[in-house]
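Accompanying notes for the structure given below.
Every read-out reported here was derived from the displayed coordinates using simple, explicitly stated rules and does not represent laboratory data. Fair warning: this is a prediction, and the values are worked out from it, not measured in the lab. Virtual Cβ from ideal backbone geometry, glycine too; neighbours counted across all protein chains shown.
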Amino acid sequence: MKIKDVINYLEQLAPPQYQESYDNAGLIVGDKDTKVSGVLCCLDSTEAIVAEAVEKGCNLIVAHHPIVFKGLKSLTGKNYVERTIIEAIKNDIAIYAIHTNLDNVYQNGVNQRIADSLGLNNTRILAPKKNLKRLNARIKSDEASRLQEILEKEGLDHLNLEWSMLGDWTSIALSFNYSSAEHGRILHALQEATGREVPYTSWDIRESDPNIGSGMIGELPKAISGLEFLKMVKEKMQAACIKYTDIPERKIKTVALCGGSGGFLLPYAIGARADAFVTSDYKYHEYFDADGKLLIADIGHFESEQYTIDLLQEIISRKFSNFAAYCTQVKTNPVNYLV
Ligand SMILES: [Zn+2]
């Protein structure tokens with residue numbers, strides 16, 4: 001099993017096209033044709049993580065946060081980013097990051113894991129991406145099942161294909177909605193299934209895609225007081241401390257959340273009438289924006305995303321049995337609390 005096999009699988013679940021424009025998810029260090037000896041899952045790649053990978057015999061680190069965001073002009077070891085990369089290269093260890101693409105998927109995503117930890121029901125994406133397209137094409141009836149197979153293989157089996165038989169019974173009309181990021185892969189699948197360039201028409205539609213986007217919202221099984229809610233979140237998310245705004249008088253039932261820096265989603269949380277919004281990295285002035293409309297709870301960036309480590313380990317070990325996938329034992333949280 002090669003590194004590219006692991007990457008292909010992860011990218012079926014969280015396609016790289018779903019990442020935000022500022023992001024740098026993907027293979028950052030290493031050769032994708034190398035055979036995998038073991039995988040170490042973590043939130044942040046650091047020198048300590050590379051050392052742990054060496055010790056555990058893993059030549060692939062799968063991290064949530066990319067170690068490199070911007071271009072490097074030199075590689076001399078003057079900071080932890082450069083030292084981590086140098087150590088990884090010296091030890092033949094690849095570093096792969098699965099970041100906002102994993103944040104932006106509904107299933108198997110960062111936010112679903114947080115919602116599960118908090119026991120939310122009826123979860124849905126808080127800010128679905130508005131980039132849906134629709135495609136119409138005509139293919140032969142016997143190509144239809146082949147297309148279905150290829151779509152499944154390509155991780156596109158969530159597409160809701162609508163078939164209708166045409167008069168001559170040898171061809172069928174096919175139409176479905178999809179996310180614009182999937183356009184290229186769909187055309188490729190059509191070509192692979194039919195062995196030719198299939199004429200098609202496609203156009204943008206205004207609806208948003210409920211399976212892709214930022215944040216999540218859901219309901220607690222029963223409404224609880226703001227203080228009970230904060231205590232529950234502190235325990236479930238193993239937060240050393242929670243920073244929060246004034247507790248509203250009403251009980252907490254609908255909860256919006258976003259792993260990592262989710263402050264930009266506050267208008268969506270308020271718009272969706274959430275009673276509480278759980279995220280991290282709030283700044284002083286931003287707390288004022290709660291404005292009595294809901295309870296903001298800042299639980300810490302690391303704390304909000306810590307279960308992503310288990311999520312990655314589970315995803316990889318469920319699929320691959322010929323090498324081990326580990327959760328890191330190193331706590332990479334750079335923030336400490338004096339309590
Ligand atoms: Zn993060």
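What number, rounded to the nearest 500 deg cm²/dmol, is the helix-based mean residue ellipticity at 222 nm of the chain, given -39500 (n - 2.57) per DSSP H run of at least four residues and division by all its residues?
It lands at -9000 deg cm²/dmol.
Roughly what % of DSSP beta bridges within the chain run antiparallel, to the nearest 5? Working shown, then result.
Working: 36 of 56 bridges.
Approximately 65 percent, going by the DSSP bridge assignments.
So for the stretch 131-207, Kirkwood radius off the Cα pairs, Stokes-Einstein at 20 °C and 1.002 mPa s: how many µm² s⁻¹?
Rounded, D is 171 µm²/s.
Taking the Cα atoms of the stretch 32-183, what is the range of coordinates along each of the three principal axes, in descending order and whole Å?
69, 39, 31
Return HIS99, HIS188, HIS301, HIS183 ranked ascending by Cβ neighbour count within 10 Å, so the fewest neighbours appear first.
HIS188, HIS183, HIS301, HIS99
In which sequence would HIS285, HIS65 go, from the one with the fewest C-beta neighbours within 10 Å to the one with the most?
HIS285, HIS65
For GLU162 and LYS32, compute 0.36 nm times the residue count separating them, minus their Cα-Cα distance, and round to one decimal in nm.
43.1 nm
Looking at the chain, identify the longest residue range that excludes and avoids all chymotrypsin sites (Phe, Trp or Tyr not before Pro) in DSSP loops having at most 15 other Cβ atoms within 10 Å.
Looking at the chain, 170-336 is the longest stretch - no exposed chymotrypsin sites (Phe, Trp or Tyr not before Pro) with at most 15 other Cβ atoms within 10 Å.
List, in the order given, every pair from LYS283/LYS319; LYS70/LYS130; LYS70/LYS293; LYS78/LYS331 whose Cα-Cα distance in the structure shown is over 31 Å. Could you put the intermediate results ahead of the total?
On the way: LYS283/LYS319 40 Å; LYS70/LYS130 27 Å; LYS70/LYS293 37 Å; LYS78/LYS331 23 Å.
The answer is LYS283/LYS319; LYS70/LYS293.
Output needed for the chain: three equivalent-ellipsoid semi-axes, defined as square roots of 5 times the C-alpha gyration tensor eigenvalues, in descending order, whole Å.
So the equivalent ellipsoid measures 36, 30, 16 Å along its semi-axes.
List the relative contact order of the chain as a percent without decimals, with contacts defined as Cα pairs under 8 Å and 6+ residues apart.
Normalised by residue count, the contact order of the chain is 20 percent.
Which of the trypsin sites (Lys or Arg not before Pro) found in the stretch 265-339 are in a DSSP loop and have at most 15 neighbouring Cβ atoms, other than their own, within 10 Å?
Passing sites in the stretch 265-339 are ARG273, LYS283, LYS331.
Could you list MET165, MET237, MET232, MET216 so that the one with the fewest beta carbons within 10 Å of its beta carbon is first and the one with the most is last?
In increasing order of surrounding Cβ atoms, one gets MET165, MET232, MET237, MET216.
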